[in-house]
Structure formats: structure tokens, C-alpha cells
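A short write-up of the structure that comes next.
The values are calculated or read from the model by the stated rules, or taken from the named source; none is laboratory data. Please read all numbers here as calculations on a predicted model, not as lab measurements. In this analysis, Cβ positions are derived from the backbone assuming ideal geometry, glycine residues included, and neighbour counts consider all displayed protein chains.
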Amino acid sequence: MSELTVALFVAQPVERVFAAFADPLQVRRWYGAPPGAHRTGGSGEVAPGEPFRVNLIDAQGAAFAQTGSILAVEPGERLELEMAWEGGHLGRETTRASITLHPVEGGTRLEVLQGPFASREALEAHRAYWECALGRLARVSSGEAVPCFEEFWEESRGFAGPLGVAAYTVLAGLRESGAAPDLVSRIEETLYTHLARLPSETAEVLGAVLRARLNER
């Protein structure tokens, strides 16, 4: 049995970092998705005793979820939760995670303590999970609008096959590279409109071709 500790410095005041936990629009941009996966939705509030669920898909489009409950909340200081996974590759065990925010010079030191884990493999998988999530948190708390697959999911009416993931990658890449907002908007409109109109048989064939080509790399 073992516990995991992950720490990160965020160059923002504690109040701004904690806001990324409390605001649902910010939460969905950083929390829940392991490396290579994407959020498609979630439910629950950041309040003691509240259950929560985060729906996800992996890089192959397979659905899985994180479930749990909020055990304690100290605004601006600490959040404790219990979490488990339905599907995916992070194991089936239920663990507790404590997230603490420490004000330090120039920003906030954020520390995650989670466990117990029955295997080293599960511990390291969760380390990668938190490092990925906290990296997004740092960007979100700084005011950056991290490209969010959940928003794409909603706007494209749940088109989440390989073509949907590819379209999201294009849009995220454009935003990351600083493309002009009007250009991104035009491309979004085109993708959302035409992907939604594809016959399911055509989408399945094109998605299979895309997956096969990706697997050849």
C-alpha cells in the first residue's frame, strides 16, 4: 500500500487558483481527463457530501468515467475527495485525494496527496493523471481559455468518433498556435455543420480509415 504526492507552483494568488475548483466552466477545462483522454460531461457540486461524476472518452473513443464524492471543502485552502474509475486504465480501487493550496511568494503552491494504492503501476498512472490535470489548472487559473473537448461535444451534438477527435485536435491546434479568432470561428462552424450531417455509415468508414492510419505510425 502506498500514497502519491504531487506538487505544483502556480503563479497566481490562492483565490484565483481556488476559483478554478469552484466555477463549473473552469473545472471542465482542467479536471478529470487523464493524458490522451477527453471530458464529455460531468455532474456534481464542490460541496461537502456531494457526489460527482466525470464522463470521459479515451483516444480510441471508448467511454469511461470517474466517480466519487466531495468529503471536505475549506474555501481557498483545501479540498478532499474520494474517487474511483469505471473503465479506463487507472484501476478499480477507491482512493482519497487531498488537494491543499499554500500561499507562497509570487503565487500558490498546490499539493495533492492521494492513496492508498495497491500497486506501483496504479500510483504512477495517477501521478501522470495529476501532472496532466494540474498543468491545465495552471493555465486555466491564469485566464487562458484551454481548448475544451466538452464544449466541442456539446456544440457538435455529441459527435465523438475518430473524426470528432480529429476535428477537436485541429481546433485545439489553431487556438494553441494563436490563430485569429475569426478564422477559428469559421472553421468551427464548417466542422460542426458538416460532421453532424454525415450519414452514420460514412462516418464509420472514414473513422476506421483514420484510426488505421494513426495505428500505422
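Any chance segment 175-187 includes a residue that's assigned to a helix (DSSP H, G or I) and at pLDDT below 75? Before the answer, list the steps.
Filtering segment 175-187 down to residues assigned to a helix (DSSP H, G or I) leaves 175-176, 181-187.
Filter once more, keeping what is at pLDDT below 75: none.
No: segment 175-187 contains no residue that is assigned to a helix (DSSP H, G or I) and at pLDDT below 75.
Looking at Gly68, is it touching a Leu at 6+ places or on another chain (Cβ under 6 Å), crowded, with 17+ Cβ neighbours inside 10 Å and not in a loop (DSSP other than H, G, I, E, B)? It would help to see each step written out before you state the result.
Working: touching a Leu at 6+ places or on another chain (Cβ under 6 Å): yes; crowded, with 17+ Cβ neighbours inside 10 Å: yes; not in a loop (DSSP other than H, G, I, E, B): yes.
Yes: the conditions hold for Gly68.
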Qualifying residue in segment 84-95 (condition: surrounded by 19 or more Cβ atoms within 10 Å (Cβ to Cβ), of a type outside the set (S, T, N, Q), without any contact (Cβ under 8 Å) to a residue 40 or more places away in the chain and more than 17 Å from Leu8 (Cα to Cα))
yes
Can you find even one residue in segment 74-87 that is within 18 Å of the chain's Cα centre (by Cα), farther than 17 Å from Val112 by Cβ and assigned to a loop (DSSP other than H, G, I, E, B)?
yes
Of a type in the set (Ser, Thr, Tyr), closer than 19 Å to Gly88 by Cα and either part of a strand (DSSP E or B) or not assigned by TED's automatic domain parsing to the domain that holds Arg120 (or both) - does that describe any residue in segment 19-37?
no
Among all residue pairs at least 6 apart or on different chains, which show Cβ distances below 9 Å where the first residue, located in segment 165-187, is over 15 Å from Glu144 (Cβ atoms) and the second is of a type in the set (Phe, Trp, Tyr)?
Val165/Phe149; Ala167/Phe152; Ala167/Phe159; Ala167/Tyr192; Tyr168/Phe149; Tyr168/Phe152; Tyr168/Trp153; Leu171/Phe152
Scanning segment 110-127 for residues that are assigned to a helix (DSSP H, G or I) and touching a residue at least 40 places away in the same chain (Cβ under 8 Å), the one farthest from Gln12 (Cα to Cα) turns out to be Arg120
Right, Gly49: of a type outside the set (D, E, K, R), surrounded by fewer than 15 Cβ atoms within 10 Å (Cβ to Cβ) and either touching a strand residue (DSSP E or B) at 6+ places or on another chain (Cβ under 9 Å) or at positive phi (or both) or not?
yes
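Any residue at all in segment 135-155 that's assigned to a loop (DSSP other than H, G, I, E, B) and modelled with pLDDT under 70? Even if it seems obvious, please write down each step before you answer.
Within segment 135-155, the first condition is being assigned to a loop (DSSP other than H, G, I, E, B), and the residues that meet it are 142-148.
Subsequent filtering for residues that are modelled with pLDDT under 70 retains none.
No, segment 135-155 has no match at all.
Just wondering, is there one or more residues in segment 90-101 that are assigned by TED's automatic domain parsing to the domain that holds Val6 and modelled with pLDDT under 90?
Taking segment 90-101 and keeping what is assigned by TED's automatic domain parsing to the domain that holds Val6, we get 90-101.
Filter once more, keeping what is modelled with pLDDT under 90: 91-92.
The answer is yes, given that some residue of segment 90-101 is assigned by TED's automatic domain parsing to the domain that holds Val6 and modelled with pLDDT under 90.
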